[in-house]
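Just below is one structure, and these are the notes that go with it.
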Amino acid sequence: MSLQLMTGQRLEQAPKVSVITTVYDRVDCLRRCLRAMQHSQWTDWEQVIVSDAPGQKVEGQITTLVRAQDDPRVRYLARDSRANDWGIAPATDGLHESQGEYVCFLSDDNAFLPDHLARLVPALDENPDFGFVYSSCLYAGRRVLRVAPPKPAQIDLGQPLFRRSVLREIVHDTIPYKLHAWDWHLIQHLMQHGVRWQHLDHTSFIFKLSAYPNLMEALA
């Protein structure tokens, strides 16, 4: 497997936050995700987009979409072989490509509200012993996830902001699972290794933005 840079480039100065976005052929979803990031109150970020070998037509559409952002913080890379593994391989590739001190994962069909990073970044800055902090979540138009401590099926990977050094030390900058619920296993793995965390009970992560038409319009 190789990873091809389709558009964009690494920032000359590493940003505070790397946002890793995996895309699975859903160009319209990615368009909304990119728009939402442009509303972020926290501006020192990069967005690393990785697609799972969608084919030349979709790669071309994604490339055109990312170029249209005209934002040097956004770059797009494409895998040349399909993993089809619930986003694990693209997320791992994005992690390897990221430069930020802090890392978060934002799938193409999800979104951060404007103050998401602006709240989580200071929480990690002010508490160097914390390995991750996480928000509450509007989940698919059905419920709110606000459980502490984290529990299975009660937290989504998009909620936490991780300290990159912790991911490097504990999981060696990879995602060592082949499971549908790999997001929970990653969080559980960190906690089992004594990683401290904090929950900020503010709903700023949206799972399945399309389930919230009013938010879609506000973030357009």
Could you check how much of the accessible area of the stretch 25-166 is carbon and sulfur, as a whole percent, using a 1.4 Å probe? 45 percent
Net dipole in debye of the stretch 1-103 [+1 Lys, Arg Cβ; -1 Asp, Glu Cβ; about Cα centre; nearest 20]: 280 debye
Of the candidates Leu219, Pro152, Leu30, the farthest towards the positive dipole end of the chain (Lys/Arg Cβ +1, Asp/Glu Cβ -1, centred on the Cα centre) is Pro152
Using the heavy atoms of the protein chains and a 1.4 angstrom probe, tell me the accessible area per residue for the chain in square angstrom. 45 Å²
Among Leu186, Ala123, Leu65, whose Cα sits farthest toward the positive end of the charge dipole of the chain (+1 at Cβ of Lys/Arg, -1 at Cβ of Asp/Glu, about the Cα centre)? Leu186
Mean separation of Cα contacts under 8 Å, 6 or more apart, over the residue count of the chain: relative contact order %: 26 percent
Roll a 1.4 Å probe over the protein heavy atoms and report the accessible area of Met216 in Å², nearest 10. 60 Å²
Low-density loop chymotrypsin sites (Phe, Trp or Tyr not before Pro), the stretch 6-50, at most 12 other Cβ within 10 Å, DSSP non-H/G/I/E/B, are none
Computed about the Cα centre, the charge dipole of the chain from +1 Lys/Arg and -1 Asp/Glu charges at the Cβ has a magnitude in debye, to the nearest 20, of 440 debye
Helix-only estimate, please: 222 nm mean residue ellipticity of the chain, summing -39500 (n - 2.57) across DSSP H runs of length 4 or more and dividing by its residues, to the nearest 500. -9500 deg cm²/dmol
Considering the values (i) 18.3; (ii) 14.6; (iii) 11.0, which represents mean projected area of the Cα convex hull in nm² as calculated for the structure under consideration? (iii)
Loop-only trypsin sites (Lys or Arg not before Pro) in the stretch 83-151, please: DSSP not H, G, I, E or B, and at most 12 other Cβ atoms within 10 Å. Arg142
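The values are calculated or read from the model by the stated rules, or taken from the named source; none is laboratory data. In this text, all values refer to a predicted model and were calculated from it rather than measured experimentally. Reconstructed Cβ throughout: ideal geometry from the backbone, glycine too, with neighbour counts over all protein chains shown. Ligands, DNA and RNA are stripped out before the accessible areas are found, and what is left, the full protein with its side chains, is counted by its heavy atoms. Shrake-Rupley method; radii C 1.70, N 1.55, O 1.52, S 1.80 Å.
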